[in-house]
1. For segment 149-166, just list the computed ³J(HN,Hα) in residue order, Karplus coefficients 6.51, -1.76 and 1.60, θ = phi - 60°, integers in Hz, with x standing in for Gly and Pro.
2. Going by average Cβ neighbours within 10 Å, how do the peptides 29-35, 200-206 rank, with the highest at the top?
3. Assign one of three labels to segment 132-176, namely rounded, prolate or oblate, based on the Cα gyration tensor with a ≥ b ≥ c the square roots of its eigenvalues; rounded applies when a/c is under 1.5, prolate when it is not and a/b is larger than b/c, and oblate otherwise.
4. Once phi is turned into θ = phi - 60°, what whole-Hz ³J(HN,Hα) does the Karplus curve with 6.51, -1.76 and 1.60 give for every residue of segment 10-15, x standing for Gly and Pro?
5. If you bin every alpha carbon distance in segment 77-188 into 10 Å steps from zero, what whole percent lands in each bin?
6. Could you tell me what percent of the accessible area of segment 168-232 is made up of carbon and sulfur, with a 1.4 Å probe and every protein chain present?
7. Tell me the per residue accessible area of the chain using a 1.4 Å probe; a whole number in Å² is fine.
8. Which three extents, in whole angstrom, do the alpha-carbon atoms of the chain cover along their principal axes, largest first?
Amino acid sequence: MRVNSALMEDEEGEEVAALARQLAVRTWLVAEHDEVAIEAVHRNLQAVRGVLGAVGWSLAVEPDLVRVHKPVSWRPGLVPEGASPVGCWFWLTVAALESVSPRVGLGQVVAAARAAAAEAGVPVTQSPTELRALLEALRMLRSRGLVEEVGDGRIEALLEQEDPAVVLRVHHVRLLHVLPRNVPLDEFGQWAVDPAEAAGAWLEGLEGPPELSQRMCGMLADQAVVHACDLSGEERQWLSDRLASDGAKAAAGFGLELERRVEGAAFVMPAGSYTAERELGGFVFPRHQRGGTVGHAALLLIDQVVERGQRGGALAPGAGWCGMRAPEVVRHLGELAVEYTGWAREYREDPRQLGDHVKKLLEPADLLRVSRGYEDWWWLSPAAARWTVVPGGLDNAGAAVRPAEERAR
(Lines give C-alpha, C1' and ligand atoms only; values in the text may rest on other atoms or scores of the structure.)
Protein backbone atom coordinates (compact mmCIF):
# COMPACT_ATOMS: atom_id res chain seq x y z
CA MET A 1 0.00 0.00 0.00
CA ARG A 2 1.45 3.35 -1.04
CA VAL A 3 0.86 6.58 0.82
CA ASN A 4 0.48 9.77 -1.19
CA SER A 5 3.32 11.82 0.34
CA ALA A 6 2.25 15.02 -1.42
CA LEU A 7 -1.23 14.71 0.08
CA MET A 8 0.26 14.15 3.54
CA GLU A 9 2.43 17.23 3.15
CA ASP A 10 -0.59 19.30 2.12
CA GLU A 11 -2.56 18.08 5.14
CA GLU A 12 0.37 18.82 7.47
CA GLY A 13 0.76 22.26 5.93
CA GLU A 14 -2.93 22.98 6.44
CA GLU A 15 -2.72 21.89 10.07
CA VAL A 16 0.32 24.09 10.68
CA ALA A 17 -1.36 27.05 8.98
CA ALA A 18 -4.50 26.58 11.08
CA LEU A 19 -2.39 26.42 14.26
CA ALA A 20 -0.49 29.56 13.26
CA ARG A 21 -3.75 31.41 12.65
CA GLN A 22 -5.08 30.26 16.00
CA LEU A 23 -1.92 31.40 17.79
CA ALA A 24 -2.06 34.76 16.04
CA VAL A 25 -5.48 35.35 17.61
CA ARG A 26 -5.00 33.50 20.91
CA THR A 27 -1.48 33.98 22.19
CA TRP A 28 -2.14 31.83 25.27
CA LEU A 29 -3.15 28.18 25.04
CA VAL A 30 -3.61 26.38 28.37
CA ALA A 31 -4.27 22.71 29.02
CA GLU A 32 -7.50 23.38 30.90
CA HIS A 33 -9.16 24.65 27.71
CA ASP A 34 -6.87 23.90 24.75
CA GLU A 35 -5.45 20.43 25.27
CA VAL A 36 -6.07 19.33 21.65
CA ALA A 37 -4.42 22.43 20.20
CA ILE A 38 -1.43 22.12 22.55
CA GLU A 39 -0.91 18.51 21.45
CA ALA A 40 -1.04 19.66 17.82
CA VAL A 41 1.60 22.32 18.50
CA HIS A 42 3.90 19.73 20.11
CA ARG A 43 3.37 17.45 17.11
CA ASN A 44 4.24 20.20 14.60
CA LEU A 45 6.56 22.26 16.78
CA GLN A 46 9.41 22.82 14.31
CA ALA A 47 7.08 23.86 11.50
CA VAL A 48 5.01 26.16 13.74
CA ARG A 49 8.18 27.83 15.05
CA GLY A 50 9.26 28.39 11.44
CA VAL A 51 5.98 30.11 10.47
CA LEU A 52 5.97 32.33 13.56
CA GLY A 53 9.69 33.03 13.30
CA ALA A 54 9.21 34.41 9.80
CA VAL A 55 7.11 37.21 11.29
CA GLY A 56 9.37 37.79 14.29
CA TRP A 57 7.26 36.01 16.92
CA SER A 58 8.74 33.67 19.51
CA LEU A 59 7.06 30.64 21.03
CA ALA A 60 7.26 29.31 24.59
CA VAL A 61 6.09 25.70 24.80
CA GLU A 62 5.50 23.70 27.98
CA PRO A 63 3.50 20.52 28.55
CA ASP A 64 0.43 22.47 29.68
CA LEU A 65 1.02 25.88 28.07
CA VAL A 66 1.79 27.46 24.72
CA ARG A 67 2.58 31.18 24.74
CA VAL A 68 3.28 33.40 21.72
CA HIS A 69 5.34 36.53 22.30
CA LYS A 70 4.80 39.26 19.72
CA PRO A 71 7.11 42.28 19.58
CA VAL A 72 5.04 45.42 20.10
CA SER A 73 4.76 47.54 16.97
CA TRP A 74 4.18 51.07 18.21
CA ARG A 75 3.49 54.11 16.08
CA PRO A 76 2.74 57.62 17.36
CA GLY A 77 -0.93 58.53 17.15
CA LEU A 78 -2.17 54.93 17.03
CA VAL A 79 -2.10 54.34 20.79
CA PRO A 80 -5.34 55.27 22.60
CA GLU A 81 -5.07 58.29 24.85
CA GLY A 82 -5.43 57.97 28.60
CA ALA A 83 -4.85 55.11 31.02
CA SER A 84 -6.75 51.84 30.77
CA PRO A 85 -8.44 51.01 34.10
CA VAL A 86 -8.67 47.34 33.13
CA GLY A 87 -5.01 47.22 32.12
CA CYS A 88 -4.01 48.97 35.33
CA TRP A 89 -5.87 46.46 37.51
CA PHE A 90 -4.54 43.56 35.42
CA TRP A 91 -0.96 44.46 36.24
CA LEU A 92 -1.74 45.29 39.88
CA THR A 93 -3.37 41.87 40.26
CA VAL A 94 -0.43 40.13 38.56
CA ALA A 95 1.89 41.81 41.08
CA ALA A 96 -0.38 40.74 43.93
CA LEU A 97 -0.53 37.11 42.75
CA GLU A 98 3.23 36.65 43.05
CA SER A 99 3.05 36.57 46.85
CA VAL A 100 -0.17 34.60 47.46
CA SER A 101 -0.44 30.86 48.02
CA PRO A 102 -1.31 28.43 45.19
CA ARG A 103 -4.86 28.21 46.56
CA VAL A 104 -6.32 31.47 47.75
CA GLY A 105 -9.69 33.08 48.31
CA LEU A 106 -10.94 35.58 45.75
CA GLY A 107 -11.43 38.20 48.46
CA GLN A 108 -7.79 37.84 49.50
CA VAL A 109 -6.65 38.40 45.90
CA VAL A 110 -8.82 41.51 45.61
CA ALA A 111 -7.48 42.86 48.90
CA ALA A 112 -3.89 42.20 47.77
CA ALA A 113 -4.53 43.97 44.44
CA ARG A 114 -5.94 47.00 46.24
CA ALA A 115 -2.95 47.01 48.58
CA ALA A 116 -0.64 46.93 45.57
CA ALA A 117 -2.59 49.86 44.10
CA ALA A 118 -2.19 51.89 47.28
CA GLU A 119 1.54 51.12 47.33
CA ALA A 120 1.84 52.26 43.71
CA GLY A 121 -0.06 55.46 44.39
CA VAL A 122 -3.14 54.40 42.41
CA PRO A 123 -6.34 55.77 43.99
CA VAL A 124 -8.64 53.05 45.34
CA THR A 125 -12.26 54.16 45.31
CA GLN A 126 -14.12 50.82 45.46
CA SER A 127 -16.65 52.37 43.09
CA PRO A 128 -18.82 50.26 40.75
CA THR A 129 -16.69 51.42 37.80
CA GLU A 130 -13.50 50.34 39.55
CA LEU A 131 -15.07 47.02 40.53
CA ARG A 132 -16.03 46.29 36.91
CA ALA A 133 -12.48 47.09 35.76
CA LEU A 134 -11.05 44.78 38.43
CA LEU A 135 -13.47 42.02 37.43
CA GLU A 136 -12.49 42.33 33.76
CA ALA A 137 -8.81 42.13 34.77
CA LEU A 138 -9.54 38.91 36.67
CA ARG A 139 -11.32 37.54 33.60
CA MET A 140 -8.22 38.31 31.53
CA LEU A 141 -6.12 36.38 34.04
CA ARG A 142 -8.56 33.47 33.91
CA SER A 143 -8.64 33.35 30.10
CA ARG A 144 -4.84 33.11 30.07
CA GLY A 145 -4.85 30.25 32.56
CA LEU A 146 -3.04 32.25 35.24
CA VAL A 147 -5.87 31.66 37.71
CA GLU A 148 -8.77 29.23 37.71
CA GLU A 149 -11.74 28.74 39.97
CA VAL A 150 -11.74 25.67 42.23
CA GLY A 151 -15.20 24.16 42.56
CA ASP A 152 -18.41 25.82 41.47
CA GLY A 153 -17.62 29.41 42.46
CA ARG A 154 -17.08 32.05 39.77
CA ILE A 155 -15.22 35.34 39.93
CA GLU A 156 -18.35 37.10 38.65
CA ALA A 157 -19.75 36.68 42.17
CA LEU A 158 -17.59 39.67 43.05
CA LEU A 159 -20.31 41.91 41.60
CA GLU A 160 -22.79 40.69 44.21
CA GLN A 161 -20.62 40.04 47.27
CA GLU A 162 -17.63 41.85 48.70
CA ASP A 163 -15.94 38.61 49.80
CA PRO A 164 -17.58 35.72 47.91
CA ALA A 165 -16.81 32.11 48.82
CA VAL A 166 -14.70 31.55 45.71
CA VAL A 167 -11.35 29.76 45.80
CA LEU A 168 -8.76 30.36 43.08
CA ARG A 169 -5.85 28.23 42.00
CA VAL A 170 -2.87 30.38 41.02
CA HIS A 171 -0.36 29.11 38.43
CA HIS A 172 2.72 30.97 39.62
CA VAL A 173 5.05 29.55 36.95
CA ARG A 174 2.80 30.91 34.19
CA LEU A 175 3.11 34.42 35.63
CA LEU A 176 6.65 34.46 34.17
CA HIS A 177 5.14 34.48 30.68
CA VAL A 178 3.15 37.69 31.27
CA LEU A 179 6.07 40.09 31.02
CA PRO A 180 7.08 41.29 27.53
CA ARG A 181 10.41 40.03 26.25
CA ASN A 182 11.58 43.01 24.23
CA VAL A 183 11.98 45.64 26.97
CA PRO A 184 15.44 47.30 27.17
CA LEU A 185 17.16 46.76 30.55
CA ASP A 186 19.61 48.95 32.45
CA GLU A 187 22.91 47.86 34.00
CA PHE A 188 21.06 46.49 37.03
CA GLY A 189 18.73 44.30 34.98
CA GLN A 190 15.75 46.58 35.56
CA TRP A 191 13.59 48.16 32.87
CA ALA A 192 15.50 51.13 31.52
CA VAL A 193 12.35 53.28 31.47
CA ASP A 194 9.51 53.21 33.98
CA PRO A 195 6.24 53.00 31.97
CA ALA A 196 4.37 54.64 34.86
CA GLU A 197 6.54 57.74 34.51
CA ALA A 198 7.10 57.85 30.74
CA ALA A 199 4.72 55.54 28.91
CA GLY A 200 5.56 56.98 25.47
CA ALA A 201 9.31 56.57 25.95
CA TRP A 202 8.78 53.03 27.24
CA LEU A 203 6.76 52.12 24.14
CA GLU A 204 9.26 53.75 21.80
CA GLY A 205 12.08 51.78 23.41
CA LEU A 206 10.53 48.36 22.83
CA GLU A 207 12.83 46.30 20.64
CA GLY A 208 11.45 44.78 17.46
CA PRO A 209 13.06 42.09 15.29
CA PRO A 210 16.33 43.40 13.87
CA GLU A 211 15.60 42.02 10.40
CA LEU A 212 13.40 44.31 8.28
CA SER A 213 11.49 41.51 6.56
CA GLN A 214 10.54 39.97 9.92
CA ARG A 215 9.29 43.34 11.18
CA MET A 216 7.21 44.02 8.08
CA CYS A 217 5.73 40.53 7.90
CA GLY A 218 4.97 40.74 11.63
CA MET A 219 3.03 43.95 11.06
CA LEU A 220 1.07 42.34 8.23
CA ALA A 221 0.29 39.27 10.33
CA ASP A 222 -0.80 41.29 13.37
CA GLN A 223 -2.65 44.26 11.86
CA ALA A 224 -5.86 44.32 9.84
CA VAL A 225 -4.19 46.64 7.31
CA VAL A 226 -0.70 48.09 6.99
CA HIS A 227 -1.09 51.62 5.61
CA ALA A 228 1.74 52.93 3.48
CA CYS A 229 1.31 56.40 5.00
CA ASP A 230 2.55 55.07 8.37
CA LEU A 231 5.77 53.56 7.02
CA SER A 232 9.28 54.91 6.84
CA GLY A 233 11.07 55.24 3.52
CA GLU A 234 12.91 51.98 4.12
CA GLU A 235 9.66 50.18 4.93
CA ARG A 236 7.88 51.53 1.85
CA GLN A 237 10.82 50.38 -0.26
CA TRP A 238 10.39 46.90 1.23
CA LEU A 239 6.77 46.92 0.05
CA SER A 240 7.98 47.61 -3.46
CA ASP A 241 10.91 45.21 -3.52
CA ARG A 242 10.15 42.28 -1.22
CA LEU A 243 6.45 42.16 -0.43
CA ALA A 244 5.68 39.93 -3.41
CA SER A 245 8.30 37.37 -2.32
CA ASP A 246 8.83 37.55 1.46
CA GLY A 247 5.33 38.81 2.22
CA ALA A 248 3.59 36.20 0.08
CA LYS A 249 5.68 33.42 1.64
CA ALA A 250 4.80 34.56 5.17
CA ALA A 251 1.10 34.81 4.25
CA ALA A 252 1.15 31.29 2.81
CA GLY A 253 2.57 29.99 6.09
CA PHE A 254 -0.62 31.16 7.80
CA GLY A 255 -2.84 29.94 4.97
CA LEU A 256 -3.66 33.55 4.09
CA GLU A 257 -3.63 35.54 0.86
CA LEU A 258 -1.54 38.65 0.29
CA GLU A 259 -3.39 41.68 -0.99
CA ARG A 260 -1.56 44.80 -2.18
CA ARG A 261 -2.87 48.26 -3.02
CA VAL A 262 -1.15 51.58 -3.60
CA GLU A 263 -2.29 52.66 -0.12
CA GLY A 264 -0.88 49.61 1.67
CA ALA A 265 -1.14 45.85 2.09
CA ALA A 266 -2.91 43.20 4.12
CA PHE A 267 -3.03 39.47 4.79
CA VAL A 268 -6.57 38.31 3.96
CA MET A 269 -8.20 35.10 5.19
CA PRO A 270 -10.07 33.18 2.47
CA ALA A 271 -13.71 32.59 3.38
CA GLY A 272 -13.23 28.83 3.35
CA SER A 273 -10.48 28.96 5.98
CA TYR A 274 -12.74 29.55 8.97
CA THR A 275 -16.06 28.28 10.24
CA ALA A 276 -16.92 30.89 12.91
CA GLU A 277 -16.31 34.59 13.44
CA ARG A 278 -14.43 33.95 16.69
CA GLU A 279 -11.61 32.41 14.64
CA LEU A 280 -10.93 35.86 13.18
CA GLY A 281 -10.12 37.43 16.54
CA GLY A 282 -11.79 39.65 19.08
CA PHE A 283 -12.86 42.25 16.52
CA VAL A 284 -14.97 41.45 13.47
CA PHE A 285 -16.51 44.03 11.14
CA PRO A 286 -19.10 43.82 9.83
CA ARG A 287 -20.69 41.17 12.02
CA HIS A 288 -23.26 38.59 10.90
CA GLN A 289 -25.98 39.78 13.22
CA ARG A 290 -29.54 41.02 13.36
CA GLY A 291 -30.75 44.31 14.77
CA GLY A 292 -27.30 45.87 15.19
CA THR A 293 -27.91 49.63 15.13
CA VAL A 294 -24.25 50.63 15.47
CA GLY A 295 -22.95 48.17 12.85
CA HIS A 296 -25.74 49.09 10.44
CA ALA A 297 -25.08 52.80 10.95
CA ALA A 298 -21.35 52.27 10.39
CA LEU A 299 -21.96 50.54 7.06
CA LEU A 300 -24.32 53.27 5.89
CA LEU A 301 -21.92 55.98 7.05
CA ILE A 302 -19.08 54.41 5.07
CA ASP A 303 -21.22 54.78 1.95
CA GLN A 304 -21.94 58.42 2.82
CA VAL A 305 -18.31 59.36 3.47
CA VAL A 306 -16.94 57.52 0.42
CA GLU A 307 -19.55 59.11 -1.83
CA ARG A 308 -19.67 62.66 -0.41
CA GLY A 309 -16.50 63.09 1.63
CA GLN A 310 -13.22 64.76 0.78
CA ARG A 311 -10.56 62.46 -0.61
CA GLY A 312 -7.12 63.40 0.63
CA GLY A 313 -6.04 66.85 1.77
CA ALA A 314 -3.63 68.39 4.24
CA LEU A 315 -5.27 66.75 7.26
CA ALA A 316 -5.65 63.31 5.68
CA PRO A 317 -3.46 60.55 7.16
CA GLY A 318 -2.43 59.56 3.63
CA ALA A 319 -3.44 59.10 0.03
CA GLY A 320 -6.86 57.55 -0.54
CA TRP A 321 -8.29 58.40 2.88
CA CYS A 322 -11.82 59.90 2.73
CA GLY A 323 -12.69 62.61 5.21
CA MET A 324 -15.73 64.41 6.55
CA ARG A 325 -16.14 67.05 9.25
CA ALA A 326 -17.42 65.61 12.53
CA PRO A 327 -20.55 67.81 12.57
CA GLU A 328 -21.42 66.55 9.08
CA VAL A 329 -21.02 62.98 10.29
CA VAL A 330 -23.46 63.61 13.12
CA ARG A 331 -25.88 65.30 10.71
CA HIS A 332 -25.82 62.34 8.32
CA LEU A 333 -26.37 59.93 11.21
CA GLY A 334 -29.33 62.03 12.32
CA GLU A 335 -30.84 61.87 8.83
CA LEU A 336 -30.35 58.10 8.74
CA ALA A 337 -31.95 57.78 12.18
CA VAL A 338 -35.09 59.45 10.83
CA GLU A 339 -35.18 57.00 7.93
CA TYR A 340 -34.46 53.82 9.90
CA THR A 341 -37.18 53.88 12.52
CA GLY A 342 -36.25 50.46 13.90
CA TRP A 343 -32.91 51.63 15.26
CA ALA A 344 -32.47 51.69 19.02
CA ARG A 345 -34.36 54.67 20.42
CA GLU A 346 -31.42 55.99 22.44
CA TYR A 347 -29.37 56.36 19.25
CA ARG A 348 -32.18 57.79 17.14
CA GLU A 349 -32.71 60.52 19.73
CA ASP A 350 -29.00 61.27 20.12
CA PRO A 351 -27.00 60.99 16.84
CA ARG A 352 -23.92 62.32 18.62
CA GLN A 353 -23.96 59.33 20.96
CA LEU A 354 -24.43 57.03 17.97
CA GLY A 355 -21.42 58.67 16.34
CA ASP A 356 -19.31 57.98 19.44
CA HIS A 357 -20.23 54.29 19.29
CA VAL A 358 -19.55 54.07 15.55
CA LYS A 359 -16.14 55.59 16.20
CA LYS A 360 -15.42 53.02 18.92
CA LEU A 361 -16.43 50.28 16.48
CA LEU A 362 -14.22 51.37 13.56
CA GLU A 363 -11.10 52.67 15.31
CA PRO A 364 -9.77 49.33 16.71
CA ALA A 365 -9.17 47.96 13.19
CA ASP A 366 -7.71 51.30 12.09
CA LEU A 367 -10.57 51.79 9.62
CA LEU A 368 -11.14 55.26 11.09
CA ARG A 369 -8.88 58.00 12.41
CA VAL A 370 -10.05 61.30 13.83
CA SER A 371 -7.85 64.37 13.40
CA ARG A 372 -8.29 66.91 16.17
CA GLY A 373 -8.50 70.63 15.60
CA TYR A 374 -10.85 73.59 15.60
CA GLU A 375 -13.19 71.18 13.86
CA ASP A 376 -12.58 67.45 14.14
CA TRP A 377 -12.40 65.44 10.91
CA TRP A 378 -13.29 61.78 10.49
CA TRP A 379 -10.98 59.97 8.05
CA LEU A 380 -11.91 56.57 6.68
CA SER A 381 -9.13 54.20 5.64
CA PRO A 382 -9.05 53.24 1.95
CA ALA A 383 -9.78 49.72 3.21
CA ALA A 384 -13.20 50.86 4.44
CA ALA A 385 -14.35 51.20 0.83
CA ARG A 386 -14.34 47.39 0.59
CA TRP A 387 -17.74 47.30 2.28
CA THR A 388 -21.08 48.52 1.08
CA VAL A 389 -24.64 47.80 2.13
CA VAL A 390 -26.24 45.07 0.04
CA PRO A 391 -29.04 46.75 -1.98
CA GLY A 392 -32.41 45.59 -0.69
CA GLY A 393 -30.80 43.56 2.08
CA LEU A 394 -32.05 45.76 4.93
CA ASP A 395 -35.52 46.59 6.07
CA ASN A 396 -36.52 49.92 7.54
CA ALA A 397 -35.55 48.74 11.01
CA GLY A 398 -32.06 47.66 9.97
CA ALA A 399 -32.99 44.26 11.41
CA ALA A 400 -31.46 42.12 8.69
CA VAL A 401 -27.89 43.30 8.29
CA ARG A 402 -26.48 41.00 5.63
CA PRO A 403 -22.80 40.19 5.15
CA ALA A 404 -21.20 43.14 3.40
CA GLU A 405 -20.14 42.80 -0.20
CA GLU A 406 -16.71 43.75 -1.41
CA ARG A 407 -16.94 46.84 -3.54
CA ALA A 408 -15.28 46.56 -6.95
CA ARG A 409 -12.17 48.71 -6.94
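1. Once rounded to whole Hz, the list reads 6, 9, x, 8, x, 10, 5, 4, 4, 4, 6, 10, 10, 6, 9, x, 7, 10.
2. Going from most to least packed, we get 29-35, 200-206.
3. Numbers: a/c = 2.51, a/b = 1.46, b/c = 1.72.
In terms of gyration-tensor shape, oblate.
4. Here the 3J(HN,Hα) series is 5, 5, 5, x, 5, 5 Hz.
5. 13, 45, 31, 9, 1
6. Details: 1890 of 3470 Å².
Carbon and sulfur together cover 55 percent of it.
7. 54 Å²
8. Extents along the principal axes: 65, 61, 51 Å.
The values are calculated or read from the model by the stated rules, or taken from the named source; none is laboratory data. Everything numeric in this text was worked out from a predicted model, so none of it was measured. Counting neighbours? That spans all protein chains shown, and the Cβs are built from the backbone with ideal geometry, glycine included. Ligands, DNA and RNA are excluded from the accessible area calculation, which covers all protein heavy atoms including side chains. Shrake-Rupley method; radii C 1.70, N 1.55, O 1.52, S 1.80 Å.
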